[in-house]
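Here's the structure, in structure tokens; my notes come after.
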């Protein structure tokens, strides 16, 4: 896909998002509660943090998309993820997996391995997490034990593994970093926008996964949804970095940018890697 | 109540809040943890998020008011709400209900129906939530099934239902939206201040319910507490909207405004609907 | 320790923090999730909120330090604190206790008393909390029943008790307030920097305890880690107070200041009490 086609597509999906306000159910980590909800509201979506096992499966039928994030995992959250993703499949609601901390502990690995069987439409993580998920899927015997929730692999290392994972799961895989990569198992797209300050604000990755849920909730296919969400997000990062040079004010400027970004910003700024 | 009397009352209650720093216990949703605590601190109150069933009833005796919010509901939270509201009644601590997502799932409905029997002093929600609560109370057979946590009814539709609910529960009911309405079952007050950006920042509604707890904690009656909190909040929204035009910076300006607002701001800006 | 030596030490530890990005595991309260993670990221550390009993002990082996905070306590959190601090001791990972709300309820007291037996390297609280911890340790029969999570004692009152507690627990004790005090049971250091606005932003105390974990994670001794973290934090507060005069914008400026502060800021601004 060429640069201009991608920019046009992302601009169109941004318009759809703002017109439709898709309802996105999130079972997300507790650190990301505030910023992920604000990312979705600023971008035009309607977030609903509904994460109890008692109500998650009932609620998901109404959602346009479901987002699952394994940060700050707990036993009740894992149970909710299990029943919500099961209901999502039954009701045809697409869902996105953010395997935060995959590879970090046995509990995360077991939970993520179970979720893979629920067929996510998209998996988004940093390079280490994508490597760890591939290992859990039996696709690599490389040791991929991230130190914590930070990435320790360079994005370029992860491309082949991401493609394998996408083919194995029949889904879209996005590994974000200095250059973001997105693949459906065949094509690979590389996005070079974004600011290093995005890694100095907590849970912006979780917010991005939320935004993938929002674009997916507009009804487009998972590859289009993922590349558009990553494009919009990274360019909002560029806009914010022009207004702020430290993480407190950057976060504020970034939320503002998600609210203000328009198709012209995208077409003038998009850079492929 | 006329405009000037309302403005004077709100200014006086704001002064009492800042002088007394009432201790407000909140069992609130996880999305609102940060912003609701900051709203209360900025306004002058002393928030305490104490939500374990093991300690909520013991703590509530010391609180000037208790605030219950059913967003991101969980079984332990529902249990804590049950024992805390029971203890609040025993010890004469007034409490406020924010029925987030009422009508959305069976679990929320069951929990909210149980809480209604604990006699809240105030119920505050958006129009959809107030409609759903009225339905749970058996006051209407209208279908009121909100899509998520967003409002789908216009505030004007909900006035008659809010009055019925207030009479039924012997409490104050506030339905907030473009125009806020507040009723004790007889009188209706309509407030026209506030900014649409308030709906683009997550959990500002939850923060408002917290502020009702704070004004209630100054010892005034529930109607005065509710109309003053809504007045202060909406005018802080006006002040913030003069300084910020996107949700990230609006949130910052709004917290600043709650800290800086004074009785003159209220008397010069208050607009009834 | 004289002013210049302290400033030099804090500058050096700040440099080490930014060079090493120590991984700090936090089992912290839900109100502080966002701001504490952002404090650590801005200062240069790598926070990981990992708090399930199922994975906390496994994860802690990889951490440079562990931070335990008893705000918004729950039974699963208390269990996670128990197994994580036990594992931290086994694996030689230093840990810091923030006894939020100690003295407030039986549940908090029981939990804090259990944690004291796990030998924290540092205890940081406000004056009321330090008084309450000392009472739980059997060191004083003074009634120290704080109203909520706010301090009701003046910092100066607590010095003798803090020294006793430090000797009893063989740890560093810091009681923060208008003047912060830090003691190893013999020496007492008093820091006079900081802004009253720091008490109007929720969970900044929790963020400070997180920063103590981060400085401790650089490998320095607990006294040096504590005094440096408090120095850096309070001077960041001074810097922020020069740019913002209300809590919303102060919070933003404070996170920015933690990212931007340099050894020269410290040496030119440090004031002992």
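What follows draws every value from the coordinates through simple rules; no lab data is involved. In this text the structure is predicted, and so the values were computed from the model without any measurement. Note that we place each Cβ from the backbone using ideal geometry, even for glycine, and neighbour counts take in every protein chain shown.
Key figures
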{"item": "Region A:29-60-region C:155-176 distance, computed between alpha-carbon centres (Å)", "result": "42"}
{"item": "Relative contact order computed over chain A (Cα-Cα under 8 Å; 6+ residues apart), in percent", "result": "22"}
{"item": "C:176, C:90 arranged by Cβ crowding within 10 Å, fewest neighbours leading", "result": "C:90, C:176"}
{"item": "Cα-projected label distance for residue B:187 with residue C:269, points at 7 Å along beta-carbon direction, nm", "result": "4.9"}
{"item": "The protein assembly as shown, helix-only ellipticity at 222 nm - DSSP H runs n ≥ 4, -39,500 (n - 2.57), divided by all residues, nearest 500", "result": "-15500 deg cm²/dmol"}
{"item": "Label 7 Å beyond Cα on the Cβ vector: residue A:187 copy-to-copy distances, nm", "result": "6.4, 6.4"}
{"item": "GNM flexibility winner over chain B from B:28, B:202, B:218 (Cα, springs under 10 Å)", "result": "B:202"}
{"item": "Residues A:1, A:49, sorted so that the one with the fewest Cβ neighbours within 10 Å comes first", "result": "A:1, A:49"}
{"item": "GNM flexibility winner over chain B from B:121, B:102, B:244 (Cα, springs under 10 Å)", "result": "B:244"}
{"item": "7 Å along Cα→Cβ, label-point gaps from residue A:86 to other copies, nm, shortest first", "result": "3.1, 3.1"}
{"item": "Kirkwood-type radius of region B:209-273, with distances r between different C-alpha atoms, in Å", "result": "12.3"}
{"item": "Within the protein assembly as shown, percent of DSSP bridges classed antiparallel, to nearest 5", "result": "30"}
{"item": "For region A:3-267, average projected area of the Cα convex hull in nm²", "result": "11.9"}
{"item": "Percent antiparallel among DSSP beta bridges (both partners in region A:3-267, rounded to 5)", "result": "25"}
{"item": "Descending semi-axes in Å of region B:17-87, equivalent ellipsoid built from Cα gyration tensor", "result": "20, 15, 7"}
{"item": "Most fluctuating residue given options C:66, C:116, C:165, as computed from a GNM of chain C linking Cα atoms under 10 Å", "result": "C:116"}
{"item": "Rounded, prolate or oblate (a/c below 1.5 giving rounded, otherwise prolate when a/b exceeds b/c) for the protein assembly as shown by Cα gyration tensor", "result": "rounded"}
{"item": "Nm distances between copies for residue C:4, ranked from closest, using label points 7 Å along Cα→Cβ", "result": "6.7, 6.7"}
{"item": "Axis-nearest residue of B (beta carbon) for the B-onto-C rotation, whole Å", "result": "B:34, 3"}
